[in-house]
Amino acid sequence: MTAPTRVQTPAVAHLVPLLEKLTLEQKAALVQGADFWTTVPLPHIGLRAMTLSDGPAGVRGPRWDEREPSLNLPSGSALAASWDEELAYRYGAAAASEARRKGVDVVLGPTINLHRSPLGGRHFECLSEDPELTAGLGAAYVRGMQDNGVGACPKHFVANDSETDRFTVDVQVDDRALRELYLAPFERAVDEAGAWTIMSAYNSVHGVTMTENDLLETPLNSEWGFDGVVISDWTAVRSLGSIPAAQDLAMPGPAPAWADLVDAVRDGRVDEADLDRKVLRLLLLAERVGALEGSDAAAPAPVDGPAFAREASIEGTVLLANDGVLPLDPGSLSRVAVIGHNAREARTQGGGSATVLPEKIVSPLDGIRAALADAQVTYEIGAVVQEGVAEIPLDQLVNPVTGEPGLRVGFFGADGAELFAEDRRATALVWFGGDAPIGASRTVVLETRYTPAESGEIQLGFAGANPGKLFVDGDLVLDDAPVLEGTDLGAAFLNPPSLTAAVRVEAGRAIAVRAEFTRAQGGPLDGALSVTLGIAPERTDPAALIARAVAAAEAAEVAVVVVGTNSKVESEGYDRENLDLPGHQDDLVRAVAATGTPTVVVVNAGSPVVLPWADEVSAVVQGYFGGQEFGAALADVLTGAAEPGGRLPTTWPAALSDVPVTEVVPTDGVLRYTEGIHIGSRAWLKADAAPAFPFGHGLGYTTWSWGAAQRVGDDVEVTLANTGDRPGKQVVQVYAERPDSTVERPVRWLVGYAVVRAEAGQTVTARIPLPTRRFAHWAEGAWRLESGEYTLRAGASVVDLPLDLAWQVQA
Ligand code: BGC
């Protein structure tokens, strides 16, 4: 073995004897995955395989399979809306407990890229537009997870803040914005929380793809002291150029780009010391997660998953506006109209790799019905939101082989012989690792008997990236190949286009449905398959749906309209084109509000959407993608059983044309962050523009009086009183200003925050640490501190700041 030449962390010195027991071939194998989700075991040194898995809002596990369900926590933007680091810690702990239950050692999250623009497609998965809030909550998540023995993998390092051309886009961002905004959450995840792994992104920064980028060495390793494993985003390793870069593990594996690694070491193209450094880090990770003989990882504390999911959703629900209609009084209501597609089929999470498969979901309609048990709760869809086929409910399907609810899936080789079969309980199926021999299969067949609940013509079909045939009672009704949009295989794979045929059905009469898909060999996702058998929404006249909703609202004392996005709007592999609610939902809300019945609108979206009717309704509640208990949490908030805990982690625009940063599409392969340090609320302040709802905004059901702010050492103490007649939560937000600064600065920037809770009439004090780094700026390659007086401003949002305090900072 050649001695490692690069800076080596002392944490691995004791692992050198193990490294010395490995052959070059074994070392080369260890730095690449064994398959989609696991690393290579090396039993002779006591190393078992380590399993990595997506979340981050729960943990899917190594199989994408409804038979092995997962806890579905609220998505990242909902978590950030809590502004609560203690909650984020428990969220990480809950995910760790899920990870261990599923045999997972490392969870691929949290996603700590920033909401640079509301058009970013994975906005729902990221936390906030603000680096300070993202850093604090991200670090708490990492600590909560790792204290429970499971590795976190903050991602995607770095500047992966939008999705368009994500594999190739070159982000040009100045050093100051990179350090102060985009790197800052990663710095805290490493420096403060000691992340055991980091995921390198697909994109380039300054012309170099992130798996080969110097940023992996500096600042990540050399400045922040990262001693963990840099895991590549899936297929992001492009060449052996990532060996001398601090890219440690290529996933999935074996990685084609590193196929030549052993020869490259032998003929001197690659330095073996670089390989050894990676191996030592992987051994350290194995020791941390308990994958190395003799090592022990902490066992996660037990968590009541559904109860925590409900609490987290409540804490992330933002009451944007309320004329007093909320909270509803369950005792005095007798007729309530619940309206909206998402009220019945809620989106509890965004799409793409973050998907987990919950055992059950509480929809807003279920939650409201349970909370208002004495009232008559009617339901109308009002407007269609779903695009493409939706899954067929399990209770309408019978597996023809077993007679149980569900379907039979058969896998057939090139010679037509059945290779494998399984009985499934869902019609949206993804094989991405797992037992089915996808790579060897040429045809995959789904069979079920479907008994419709209603008579009429339905749009029966499938979604997938593969050509398919659909038979109903033995007759071929559809034979087509989807046309894939764009080149992002991940997007095509995780959110494939739909094809349908009109089929007449009778209520209660079963039809035999058979779908056959053909697979070609090869490509980066060979071995993976995604197909959905389903029904597209009926093509009912939008005006007729709205008319029925209006009639329901007229007959009710209050209308609750749940509006939202669908899987074509918020997912992975593409960005949003606008901020509009899909379909005719704006018309629906206006029509319901015009009835004069008090109208509460609930928004079920992971990112800002434009609400042009906001002033015409009685209340607006932003529920985000609230996880599997979304409906129960929402009912708690609507009825006042719980305080709406959320405050906006991202500025909410009134119109796309008002948004300061909208460029997410690269020009000639380059995306320039020309706005520098001014994103989010900083950009709105700079433009002196007013959004619909500012950063940090959110109402509660009690009232507060802000007392005073004072300095105690390096902390600021803020005193406030609950002046209402019920207990409440408030988020104390502290911003800094430096109007006469010698350097360009935001008008005002977040430097600290804390959650306080107080009983009616109680006075509370929040103590918030303000390390001097919160006032520093990056210039000429270093953090600089401008000495002198800053103004601190404290209050309930970036523009509602009743308290101020002069704050001296000494360099
Ligand atoms: C995503 C990652 C994810 C990985 C594995 C990638 O396409 O960008 O966030 O962890 O796939 O599913």
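The values are calculated or read from the model by the stated rules, or taken from the named source; none is laboratory data. Here the structure is a predicted model, which means the values were calculated and not measured. Cβ: placed from backbone, ideal geometry, glycine included. Neighbour counts: every protein chain shown. Note: accessible area is taken over every heavy atom of the protein model, side chains too, but ligands, DNA and RNA are not part of it. Shrake-Rupley method; radii C 1.70, N 1.55, O 1.52, S 1.80 Å.
Tabulate in residue order the Karplus-calculated ³J(HN,Hα) for the stretch 647-661, using 6.51 cos²θ - 1.76 cosθ + 1.60 with θ = phi - 60°, rounded to whole Hz; enter x for Gly and Pro.
Values, residue by residue: 10, 4, x, 8, 4, 10, x, 7, 7, 4, 5, 7, 6, x, 10 Hz.
Any idea what the relative contact order of the stretch 702-809 is, in percent, if you count C-alpha pairs under 8 Å spaced at least 6 apart?
Details: 240 pairs, mean separation 30.9, N = 108.
Worked out over the stretch 702-809, it gives 29 percent.
Between beta-carbons, use under 15 Å as the cut-off and find the net charge around G144, counting Lys and Arg +1, Asp and Glu -1.
Residues near G144 contribute -4 overall.
Using packing as a proxy for protection, rank 722-730, 537-545, 768-776, 351-359 so that the peptide with the highest average count of other Cβ atoms within 10 Å comes first.
For the peptides 722-730, 537-545, 768-776, 351-359, the packing ranking is 351-359, 722-730, 768-776, 537-545.
Using just the helices of the chain, give the 222 nm mean residue ellipticity in deg cm²/dmol: DSSP H runs with n ≥ 4 each add -39,500 (n - 2.57), and the total is spread over all residues, rounded to 500.
The helix contribution divided over the chain gives -5500 deg cm²/dmol.
What does the charge add up to near N213, with Lys and Arg as +1, Asp and Glu as -1, over the other residues with Cβ less than 12 Å from its Cβ? Each step should come with its number before you reach the end.
On the way: positive: R238; negative: D170, E212, D214, E217.
Its environment carries a net charge of -3.
Find the relative contact order for the stretch 15-289 and round it to a whole percent, using C-alpha pairs within less than 8 Å whose residues are 6+ positions apart.
Relative contact order for the stretch 15-289 comes out at 20 percent.
Short version: ³J(HN,Hα) in whole Hz for each residue of the stretch 763-771, in order, from phi by Karplus 6.51 cos²θ - 1.76 cosθ + 1.60 (θ = phi - 60°), x for Gly and Pro, what are they?
Going residue by residue, I get 9, 10, 10, 9, 10, 10, x, 10, x Hz, with x marking Gly and Pro.
Just want to confirm a number: the relative contact order over the stretch 390-536, from Cα pairs under 8 angstrom separated by 6+ residues, in percent.
32 percent
Can you tell me how much longer the chain between A655 and E485 gets when fully stretched, taken as 0.36 nm per residue apart minus their C-alpha distance, in nm with one decimal?
Values: separation 170, 0.36 × 170 = 61.20 nm, distance 2.73 nm.
So the chain would gain 58.5 nm between A655 and E485.
What FRET efficiency, computed as 1/(1 + (r/R0)^6) with R0 = 30 Å and r the Cβ-Cβ distance, is obtained for A370 and D323, rounded to the nearest 0.05?
0.70
How would you order 593-599, 316-322 from highest to lowest mean count of nearby Cβ atoms within 10 Å?
316-322, 593-599
Taking +1 at the Cβ of each Lys and Arg and -1 at the Cβ of each Asp and Glu, which of G698, G33, W258 sits farthest along the dipole of the chain towards its positive end, judged by Cα position relative to the Cα centre?
Most positive-ward Cα: G33.
Is any residue of the stretch 722-752 close enough, with backbone N under 18 Å, to a label point placed 7 angstrom from the Cα of S332 along the Cα-Cβ axis, and if so, which?
Zone members listed by number: 725-726.
At 1.4 Å probe radius, can you tell me the per residue accessible area of the stretch 538-604 in Å²?
37 Å²
Rounded, prolate or oblate: pick one for the chain, where a ≥ b ≥ c are the square roots of the eigenvalues of its C-alpha gyration tensor, a/c under 1.5 means rounded, and failing that, prolate if a/b is larger than b/c, else oblate.
Oblate, because a/c is 1.5 or more while a/b does not exceed b/c.
Under a Cβ-only charge scheme (Lys and Arg +1, Asp and Glu -1), can you give me the dipole magnitude of the chain about the Cα centre, in debye to the nearest 20?
Roughly 820 debye for the chain.
Under a point-charge model restricted to the Cβ atoms of Lys and Arg (+1) and Asp and Glu (-1), what is the dipole moment magnitude of the stretch 741-811 relative to its Cα centre, in debye to the nearest 20?
Value, rounded to 20: 180 debye.
For the stretch 15-289, what size does the Cα cloud have along each of its three principal axes, sorted from largest down, in whole Å?
In descending order, the Cα extents are 52, 43, 32 Å.
Just how far, in whole angstrom, is the stretch 143-211 from the stretch 53-118 if you go by their alpha carbon centroids?
17 Å
To the nearest 20 debye, what is the magnitude of the charge dipole of the stretch 1-105 about its Cα centre, counting +1 on the Cβ of each Lys and Arg and -1 on the Cβ of each Asp and Glu?
320 debye
Which distance in nm do the two modelled labels at T723 and D147 give, with both placed 7 Å along the Cα-to-Cβ direction?
3.6 nm
With a 1.4 Å probe and every protein chain kept in, tell me what percent of the accessible surface of the stretch 314-394 is carbon plus sulfur.
That share works out to 48 percent.
Roughly to the nearest percent, how much of the accessible area of the stretch 702-809 is carbon and sulfur, given a 1.4 Å probe?
Carbon and sulfur together cover 47 percent of it.
From the phi angles alone, apply the Karplus equation (6.51, -1.76, 1.60; θ = phi - 60°) to the stretch 803-808 and give each ³J(HN,Hα) in whole Hz, x where the residue is Gly or Pro.
Running phi through 6.51 cos²θ - 1.76 cosθ + 1.60 with θ = phi - 60° gives 10, 9, 7, 6, 9, 8 Hz.
How far apart, in nanometres, would the label points at A11 and D191 be if each is projected 7 angstrom from Cα along the Cα-to-Cβ direction?
Each label point lies 7 Å from its Cα, and together they span 1.6 nm.
Along its three principal axes, how long is the stretch 702-809 when you only count alpha carbons? Whole Å, largest extent first please.
That gives 53, 26, 20 Å along the principal axes, largest extent first.
H115's amide H: which non-local residues (gap 5+, or another chain) put their own amide H closer than 5 Å, with H modeled 1.01 Å from N in plane and none for Pro or chain starts?
For H115, the qualifying residues are S128, E129, D130.
Would you please name the GluC sites (Glu not before Pro) within the stretch 145-235 that are DSSP coil residues with at most 14 other C-beta atoms within 10 Å of their C-beta?
Answer in residue order: E223.
Normalise the Debye intensity by I(0) for the stretch 390-536, one equal point scatterer per Cα, no solvent, then take log10 at q = 0.11, 0.12, 0.17 Å⁻¹ and round to two decimals.
Calculated log10 I(q)/I(0) at the listed q: -0.39, -0.46, -0.94.
For G228, what charge total do you get from the other residues with a beta carbon under 10 Å from its beta carbon, if Lys and Arg give +1 and Asp and Glu give -1?
0
Using a basic spin-label model with each label point 7 Å from the Cα along Cα→Cβ, how many nm lie between A298 and T742?
Between A298 and T742, the label points sit 4.5 nm apart.
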